[in-house]
Amino acid sequence: MPTNALLKIDDKEISYPVITGSEGEKAIDARNLRKDTGYLFYDQGYGNTGSCESCITYLDGDNGILRHRGYPIEQLAEQSEFVETAYLVIYGELPSPEQRKRFGTMLRENAAIDTQMMRIFEGFPRGAPPMGMLTSIVSSLAAYYPHLATNNFEKDLENFDLTAAMAISKIRTIVAGIYRYRHGLPFNYPKDVPFCDNFLHLMFSEPYKEYAAIPEVTRALNLILLLHADHEQNCSTSTVRMVGSSGANLFTSLAAGICALSGPLHGGANTAVMQMLQAIHDEGDDGTRFIAAAKSGSKANRLMGFGHAVYRNYDPRARIIGHACDVVLNKLGKTDPLLDIAKRLEHSALNDDYFLSRKLYPNVDFYSGIIMRALGIPTELFTTMFAIGRSPGWIANWKEVASNPKGRIYRPRQVYVGPVKRDYVLIGKRG
Ligand code: SDX
């Protein structure tokens, strides 16, 4: 087992310690590289760089392994539910019955949106993008609850349990509020019911008719949210850590994570997948045109829901959701032509050397939209659903940053490739 890495550079030989993670992952501790050698490692996009040590999620992209605090995602998907997994991700252990009850109570007690905060919705055009609204309204939580958002880690950690429960619960309620507002519907108020039932009530109850969720629907929603709970140092989670490392409070750091999630290469992909499948359906195409375009190599034509920055194997979440699609649609007595198209597309791509040679497989976003659509959730809300699901992971990562006594502000370096020194010349005298 190597304990050191030897770097030979210029006329120096310097040894750096090797860190070995609990799953045997190895990292060269290069924190003194620049001081020792004046050199940087250049790793565009950080694909080969560990920004932190974390205890939350283990991801083996080559073998398609995903575990939260040691529990395989397949077992959690089969036996747990979103709120319990959220507790596990945040606190590190599955909750006892008393802990689960207390967490659920805190979620229910903090589900409502402050009346004054409701007025923020009115500041948006009806057709405003949901993720833009979610970012702004979640960010405003720091203004409405300044005692929980002091930007002082010690003080903010004192109230962590309340702030965490409030964040998860209110993000859920805000998403439903965005739906109601965008469709010109009156807001619903939370009820004293389980998390997912409350979401469906907040979304779909009408003044004259309460929404009554059937068990299959709440089970499917629990599964979708659970499968999004955390995913190592993805773009949005790293953003939460980056912003949190400056001392920023949890609400503000979460708002930054929501911004990062909105991009089509990240959380926006689930929406893009449905738009792609709908376009194939509307054109009567069998997918070959899209696959041909995807192979052109341009980022604009990528097969959405395919490929991953870490997985070089099937995303285990995609496998679980893919299987669940048929079950959920059958139980709801529904069919969806887009599911058949998705399956055909997957089959074609997985028999095409372009995708196989690049190890491009379906990711979590490829099938998730099919289930959300079956639950009646409109496509424009899909990425906000991802944000609800990911909130426990973001919160857990922020807590690791905030409670790390040796933590430092995240401050990557760069390789400067711009103009070298030159003198200022007044306008009119420039050549
Ligand atoms: C999520 O990181 C996470 O954990 C994220 C996430 C989470 O839970 O937080 O898992 C959630 O964001 C899933 C990914 C959702 N995005 C998409 O589905 C968008 C489509 N996929 C991609 O754009 C792409 O695969 C990425 C962004 C996901 C990963 O990009 P990488 O790792 O930077 O891959 P790359 O650009 O280096 O691609 C390698 C090759 C390139 O071809 P060559 O230059 O070698 O010829 O594969 C090609 C790419 O052009 N490629 C694709 C492709 N994805 C990569 N070609 C066609 N279709 C695709 N989807």
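The values are calculated or read from the model by the stated rules, or taken from the named source; none is laboratory data. Just so we're clear, the structure is a prediction, and the values are computed from it rather than from any experiment. Virtual Cβ from ideal backbone geometry, glycine too; neighbours counted across all protein chains shown. For accessibility, only protein heavy atoms count, side chains too; no ligands or nucleic acids. Shrake-Rupley method; radii C 1.70, N 1.55, O 1.52, S 1.80 Å.
Grab the helices (runs of 4 or more DSSP H) fully contained in the stretch 46-125, keeping just those with 3 or more residues being at pLDDT 95 or above and closer than 27 Å to Tyr145 by Cβ.
82-91, 97-109, 115-122
Could you pull out the residue among Leu88, Leu162, Leu94 that is in contact with a Lys or Arg (Cβ under 6 Å, 6 or more places away or on another chain) and either without any contact (Cβ under 8 Å) to a residue 60 or more places away in the chain or of a type in the set (Val, Ile, Thr) (or both)?
When all the criteria are applied, what remains is Leu88.
Assess whether Ser368 counts as being closer than 25 Å to Ile65 by Cβ, within 13 Å of the ligand (Cβ to nearest atom) and surrounded by 21 or more Cβ atoms within 10 Å (Cβ to Cβ).
yes
Mind counting the residues in the stretch 222-254 that are within 15 Å of the ligand (Cβ to nearest atom), in a helix (DSSP H, G or I) and among the polar types (S, T, N, Q)?
Residues flagged as within 15 Å of the ligand (Cβ to nearest atom), in a helix (DSSP H, G or I) and among the polar types (S, T, N, Q) within the stretch 222-254 amount to 4.
Open to solvent by 60 Å² or more (accessible area, probe 1.4 Å), aliphatic (A, V, I, L, M) and out of contact with any Pro (no Cβ under 9 Å at 6 or more places or on another chain): which single residue out of Ala324, Ala300 fits that description?
Ala300
Exactly one of (1) buried (at least 20 other Cβ atoms within 10 Å of the Cβ); (2) closer than 23 Å to Cys325 by Cα; (3) over 16 Å from the mean Cα position of the chain (by Cα) is unmet by Ser245. Its number?
Evaluating Ser245 over (1) buried (at least 20 other Cβ atoms within 10 Å of the Cβ); (2) closer than 23 Å to Cys325 by Cα; (3) over 16 Å from the mean Cα position of the chain (by Cα) leaves (2) as the failure.
Among the listed residues Ala349, Ala342, Ala279, Ala318, which satisfies the condition of being more than 11 Å from the ligand (Cβ to nearest atom), surrounded by 21 or more Cβ atoms within 10 Å (Cβ to Cβ) and of a type in the set (A, V, I, L, M, F, W, C)?
Ala342
Within the group His266, His201, which residue is within 12 Å of the ligand (Cβ to nearest atom), closer than 28 Å to Leu329 by Cα and of a type outside the set (Phe, Trp, Tyr)?
Checking each option against the conditions leaves just His266.
Among the residues of the stretch 50-66 satisfying the criterion of being more than 14 Å from the ligand (Cβ to nearest atom) and open to solvent by 50 Å² or more (accessible area, probe 1.4 Å), which is nearest to Pro316 (Cα to Cα)?
Asn63
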